Every structure is written in C-alpha cells, then in structure tokens.
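Working notes, beginning with the structure itself.
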Amino acid sequence: MGMSWDDVVVIEQSKKPGDPTHVVTVNCPDKAGLGCDLLRIVLEFGLYVTRGGFIALVANDGQRMIYQLGLVYDILKISKDCNIRIVHGRISTSVKGYRSLDLLIQKEDGKKIIDKDSQVALCSRLKEEILHPLRVIITNRGPDTELLVANPVELSGKGRPRVFFDVTLALKALGICVFSAEIGRHSTSNRQWEVYRFLLDESRGFPLTNNRAKRDIIDKVRRTLMGW
C-alpha cells in the first residue's frame, strides 16, 4: 500500500560523496507553532542542522520544512508565543562560524506587521532570546554550593528540552558530582521560568570555594547547553 504525503517524515543520506549529514524532510498540515514543535523533537535527540530552509503552503494541503537546531528553535518559540506565522525561511551554510537566517513573517490573520511599536518589541524579544536563551549562575545555599540553570517556558507550558541531560553531562566531564537536583517553575511579571537547581559536591580539580573554578564550571555548562 502506498504512503500518503499528507503527513510524512523522510530521512535521506546526503547525495554529496563523503558528506556524513542527512536531509530530513517534513510534510504535514499547517498549524500555529508547528516549527517550534518540530524543532523541539530535533533538539530532544541532540541533533545539529548544518543548513536548511522552510517554506509555507507550497501545496494546497501541506508544508515542506528542514530545520536548524538551537538558534532556530529559540526564534520559532518566540513566533509561536507571539502568534506570528513564518511564511518562508532560508538558513545559509556556515561562513567563518556565522550563519544567515532570513524569515518572511506575517500576523496570524495573514497581514503584515506594519506597526512600528510591534516591530521594535519583536526585535527586542528576538535579541534577548538569541543572546540569552538560558541563565547559568553558581550561588551559595547555606554551607553548600548550588548551580542554577533557568530558561523561559513556552506559553504552552513546555520547557527547553535536554537541559537536565546537558548540565549533568557537562558536570560529569569536569569530574563534579551532583548531591541533589530539583526542577521547579518560577513566575515573573511577564513570563514563567523553568529553574534547575543542582547541589554540587566538592571536587579536587574544581574546588567550589575558588572563584576561577566557579567561572570555569559556568562556562562549561553554558557551552554544553548552547552546543558550542
């Protein structure tokens, strides 16, 4: 029996000789926040996208999309929260460590975003999320040392994927043990945060009373979370 193209995922090996990458094509009915939801799945598997693009409504009943991990997830999360549709997008290949991302967006009703205040607010939100998608600090909790990692929660109530895994992976690489861990939610005036709290055990290589060691721990955890 043939497979319908109304809702399907196809994974293919790159056609370039010696290229280890794969091309993932997703063809599915449109919905608000579709890109964010799909990128969440990609992020949960710890995958990276080296190049890609996405186009809305190329057929009467579906989409075709290829995604970039991490950065594009944060951008699409904002579009989902702000009820903004991405009609067309293009992600360039890496040039000297930098990528170019072009998006054609519109409001949920299909109209352009022409209000200057709305444009400024959207740009400000994008800059904040792109530059600081996560917060990582080390503080004292009584006599103990605590690592705090916080990330904004989507309006749907979902937090960022793989945070717990990536933090513990970074700590393991540094030889630091976790005495206990907690996950909770904290609300501010304009958003909700998912907060991870790790009580750390002392390590020979990273004495927790040393400020330099604390900075190194924060740097390692942040780089692992960001995929740097």
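The values are calculated or read from the model by the stated rules, or taken from the named source; none is laboratory data. As the structure is a computational prediction, the values presented were derived from the model and not from experiment. Cβ atoms come from the backbone with ideal geometry, glycine included; neighbour counts cover every protein chain shown.
Considering (1) within 30 Å of Pro207 (Cα to Cα); (2) in the same structural domain as Ile78 (by TED's automatic domain parsing), say which one Ser124 fails and leave the rest.
(1)
Yes/no matrix, rows are residues, columns are (1) crowded, with 16+ Cβ neighbours inside 10 Å; (2) on the phi > 0 side of the Ramachandran plot; (3) not hydroxyl-bearing (Ser, Thr, Tyr):
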position	(1), (2), (3)
Ala170	yes, no, yes
Phe179	no, no, yes
Glu194	yes, no, yes
Arg197	yes, no, yes
Asp201	no, no, yes
Thr209	no, no, no
